[in-house]
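Following: one structure in structure tokens, then a few remarks.
The values are calculated or read from the model by the stated rules, or taken from the named source; none is laboratory data. Because the structure is a prediction, the values reported are computed rather than measured. Backbone-built Cβ (ideal geometry, glycine too); neighbour counts: all protein chains shown. To get the accessible areas, we keep the full protein, side chains included, count just its heavy atoms, and leave off ligands, DNA and RNA. Shrake-Rupley method; radii C 1.70, N 1.55, O 1.52, S 1.80 Å.
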Amino acid sequence: MANSSRAPGRSRRLRAALVVSAAVGLLATAGAVVLPGSASAASTLGASAAESGRYFGTAVAVSRLNDSAYTTILNREFNQVTAENEMKIDALQPNQGQFNYGNADRLVQHARSQGMLVRGHTLAWHSQQPGWMQNMSGTTLRNAMLNHVTQVATHFRGQIEWWDVVNEAFQDGSSGARRDSNLQRTGNDWIEAAFRAARQADPNADLCYNDYNIDNWNDAKTQAVYRMVQDFKSRGVPIDCVGLQSHFTGGSNYPSNYRTTLSSFAALGVDVHITELDIRNAPTDAYRNVVNDCLAVARCKGITVWGIRDSDSWRSSENPLLFNGSGQKKPAYDAVLTALNNGTPPTGNPTTPPPTGNPTTPPPGGGCTATVTPGQVWGDRYNTSVTVNGASTWSVVVAITPPQRISATWSGSPTWDSSGNVMTMRSNGSGNTFGFTTMMNGNSSARPQIRSCTAG
């Protein structure tokens with residue numbers, strides 16, 4: 001339903017890390033990103049996922065953006081969105097050569113206004129084709145498909161973080177074969193051609209293959225997709241990620257080797273995404289397991305549930321989502337949020353070297369020391385972690401150089417002075433390491449300074 005090298009000098013953006021700034025866009029409603037003067041902890045799905053460098057998103061139907069109850073939950077809880085239908089082929093090009101971007105543009109504009117990341121779904125698919133495309137075949141169809149990929153990816157260039165370039169191209173069952181579709185009949189290289197066209201049209205978006213029933217590592221379909229990705233990577237075909245839809249029928253349908261599947265794809269050098277999660281009757285254990293498995297795989301960049309309330313779901317009679325039809329949180333929501341809150345702060349190689357000039361061991365004060373470890377750095381912000389030694393309860397005073405500002409914190413209880421430039425972080429039972437994200441605001445050289453560490 002639901003990698004080749006870039007041009008010289010063009011670094012690939014780390015999408016998952018961007019959710020920290022996406023969470024900043026939710027400040028007014030989420031209560032999940034800490035601002036000066038606030039001591040709120042992460043209390044929403046998107047902001048909690050952002051603390052581990054990931055996103056937690058949802059599929060959105062543009063027609064429901066007029067429903068205030070729907071948009072309240074959307075804006076509060078999620079930091080990523082996927083168009084449920086508005087970016088599929090029949091919606092965007094109902095007549096050949098006539099593109100209708102109205103609803104898709106509205107969704108993208110809403111998401112970006114809220115600081116949410118957007119997943120484009122989907123550029124090439126055997127289903128939901130308009131009638132004019134269904135009646136095509138051979139070279140004519142191939143050219144029409146490639147033109148659609150090019151036109152759509154170009155239109156949204158710079159606004160989409162991930163494209164589901166090709167969707168559901170393998171058949172179910174034990175054969176591991178490609179699905180027999182009009183696109184497949186244009187030649188076995190059609191998937192590769194679509195990815196190459198997408199890269200050319202939108203060079204900075206991550207390009208994904210997306211499918212259902214590729215959750216169990218032992219299944220023939222899973223293995224077939226794995227072999228395709230392995231082949232693409234070996235030949236330099238531009239593929240950056242694999243999406244597992246994960247439409248589970250219940251606890252028994254969640255495979256015990258799910259984590260193996262995620263880590264095995266990741267080992268090929270691609271990111272993995274859980275793109276359309278819903279589980280019959282929303283069992284807490286299955287939802288918790290999915291989240292924990294994603295958190296355990298560094299290249300699992302995030303989770304998207306396929307709808308907000310049960311009444312919004314394509315499987316509404318099965319009550320598969322985290323909110324009931326009245327918009328109330330279900331036990332599965334609590335299980336997911338708890339699992340996300342138990343995740344770890346983002347780690348990994350920065351896209352640029354961390355600024356220098358800050359001592360790694362600040363001066364002690366009052367019986368404890370605080371040691372700074374630079375974290376990931378992006379174009380407009382960077383992460384810092386601080387480890388306290390010598391005390392189990394403590395307060396650490398951190399000074400920020402204006403116009404830089406702290407936009408997010410984790411694993412501590414912060415307060416700020418009246419200037420907003422000095423933060424006091426106090427232990428809150430989450431351990432002796434806390435972290436925070438600093439927005440550069442044009443100053444890329446300064447680093448936070450530890451003024452004191454006080455025990456008790």
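Filtered by the rule that a residue be part of a loop (DSSP other than H, G, I, E, B) and either under 16 Å from THR387 (Cβ atoms) or open to solvent by 60 Å² or more (accessible area, probe 1.4 Å) (or both), segment 426-446 gives SER427, ASN428, GLY429, SER430, GLY431, ASN432, ASN441, GLY442, SER444, SER445.
Taking segment 117-132 as the range and being buried (at least 21 other Cβ atoms within 10 Å of the Cβ) and not in a loop (DSSP other than H, G, I, E, B) as the test, the residues that pass are LEU117, VAL118, ARG119, GLY120, HIS121, THR122, LEU123, ALA124, TRP125.
Among the residues examined, ALA267 qualifies as surrounded by fewer than 17 Cβ atoms within 10 Å (Cβ to Cβ), over 17 Å from the mean Cα position of the chain (by Cα) and of a type outside the set (S, T, N, Q). Under the condition of being among the β-branched types (Val, Ile, Thr), open to solvent by less than 30 Å² (accessible area, probe 1.4 Å) and more than 24 Å from ALA266 (Cβ to Cβ), the residues counted in segment 276-330 number 1. When segment 74-96 is examined, which residues are found to be open to solvent by 10 Å² or more (accessible area, probe 1.4 Å) and either of a type in the set (A, V, I, L, M) or on the phi > 0 side of the Ramachandran plot (or both)? Correct list: ALA91 only.
For segment 46-73, enumerate the residues that are open to solvent by 40 Å² or more (accessible area, probe 1.4 Å) and in contact with a Phe, Trp or Tyr (Cβ under 9 Å, 6 or more places away or on another chain). Selection gives ARG64 alone. Give the residues of segment 198-220 that are surrounded by fewer than 22 Cβ atoms within 10 Å (Cβ to Cβ) and either among the aliphatic types (A, V, I, L, M) or over 23 Å from VAL118 (Cα atoms) (or both), sorted by residue number. Passing the criteria: ALA201, ASN213, ASN216, TRP217, ASN218, ASP219, ALA220.
Within segment 57-105, the set of residues being closer than 20 Å to VAL336 by Cα and not in a helix (DSSP H, G or I) comprises GLY57, THR58, ALA59, VAL60, PHE78, ASN79, GLN80, VAL81, THR82.
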